[in-house]
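See structure below.
The values are calculated or read from the model by the stated rules, or taken from the named source; none is laboratory data. On a predicted model such as this, the values are computed, not experimentally measured, just so you know. Cβ coordinates were reconstructed from backbone atoms using ideal geometry, including for glycine residues, and neighbour counts include every protein chain displayed.
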Amino acid sequence: MLALVVGVAGPASAATQTVAYQFQASAAGQTGTGTLDQDIDATAPASATAGSAVQVVIDPAPNTVPTDASGYPVKDIKNVKILLPVPANSSYVSATVSGGANLGGTPTVGLDGGNVVLTVPGPIAGGSSFELPTITLDLTAGTSGSIDVRLGGTSYSDPGLTFTADVTVLGIPVAASAVAYPDPNPTLSSTAIG
């Protein structure tokens, strides 16, 4: 994937990052915690001039839905939302999605406050492989500093990932609400303004 920037010599690509989401799911009066890993490759220009266009491409690797959560069988996951804060020292222009596989519905992306929100309606069956869509984020560089792209979320009360997992508890289907945040939260790409 190639990232273009007006007035810059060429693109730079950050190394693939493994993001560890710490998650908490609640259903039927019980709460479970765990970790969900997602590999992500982000491509962005190494530098940009103030006021120029900056394009960041965020490409999640294929992944697999767990077959169980805290010992309970997972039927599917749905209503997946992932937040990407609009980076400091930039302004939002647009975001689009492309690709993706076995998502059970058409993903969308849009701006909500200061966050770009990827929504995947699902359902995605437990145990199945899937690939989240590639997000292309178009920004305008600010006057100085750097444009550091990170995922959203700092805690269970400030999640950057939410979804519903349909699980089976004692033979009864139950919808478990899950919240998650990346910890640690690596810089996916960095563009110096100058």
Wholly inside the stretch 153-194, strands (runs of 3 or more DSSP E) that include 2 or more residues that are farther than 30 Å from PRO45 by Cβ and out of contact with any Cys (no Cβ under 9 Å at 6 or more places or on another chain) are 161-169, 172-182
Filtering strands (runs of 3 or more DSSP E) wholly in the stretch 1-80 for at least 3 residues that are modelled with pLDDT under 85 gives 11-13
Note on the stretch 58-73: residues buried (at least 19 other Cβ atoms within 10 Å of the Cβ) and either without any contact (Cβ under 8 Å) to a residue 12 or more places away in the chain or aliphatic (A, V, I, L, M) (or both) are ILE58, VAL65, ALA69
- Mind checking whether some residue in the stretch 121-138 is small (Gly, Ala, Ser), within 22 Å of GLY51 (Cα to Cα), modelled with pLDDT of 95 or more and in contact with a Ser or Thr (Cβ under 7 Å, 6 or more places away or on another chain)? no
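Condition check ((1) free of Cβ contacts under 8 Å to residues at least 60 places away in the same chain; (2) under 18 Å from ASP59 (Cα atoms)) across all residues:
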position: GLY142; (1), (2): no, no
position: THR154; (1), (2): yes, no
position: VAL174; (1), (2): no, no
position: TYR181; (1), (2): no, no
position: THR187; (1), (2): no, yes
position: SER190; (1), (2): no, yes
Residue check for ILE77: at negative phi and within 14 Å of the chain's Cα centre (by Cα)
no
Picked from the stretch 172-184 (must be under 14 Å from TYR156 (Cβ atoms) and either in contact with a Leu (Cβ under 9 Å, 6 or more places away or on another chain) or exposed (fewer than 13 other Cβ atoms within 10 Å of the Cβ) (or both)), the residue modelled with the lowest pLDDT is ALA178
The residue from LEU103, LEU83 that alone is of a type outside the set (Phe, Trp, Tyr) and assigned to a loop (DSSP other than H, G, I, E, B) is LEU103
The residue that is farthest from SER98 (Cα to Cα), considering only those in the stretch 124-138 that are crowded, with 18+ Cβ neighbours inside 10 Å and within 17 Å of the chain's Cα centre (by Cα), is ILE124
Taking the stretch 84-94 and keeping residues touching a Ser or Thr at 6+ places or on another chain (Cβ under 7 Å) and either surrounded by fewer than 15 Cβ atoms within 10 Å (Cβ to Cβ) or under 14 Å from LEU151 (Cβ atoms) (or both) leaves SER91, VAL93
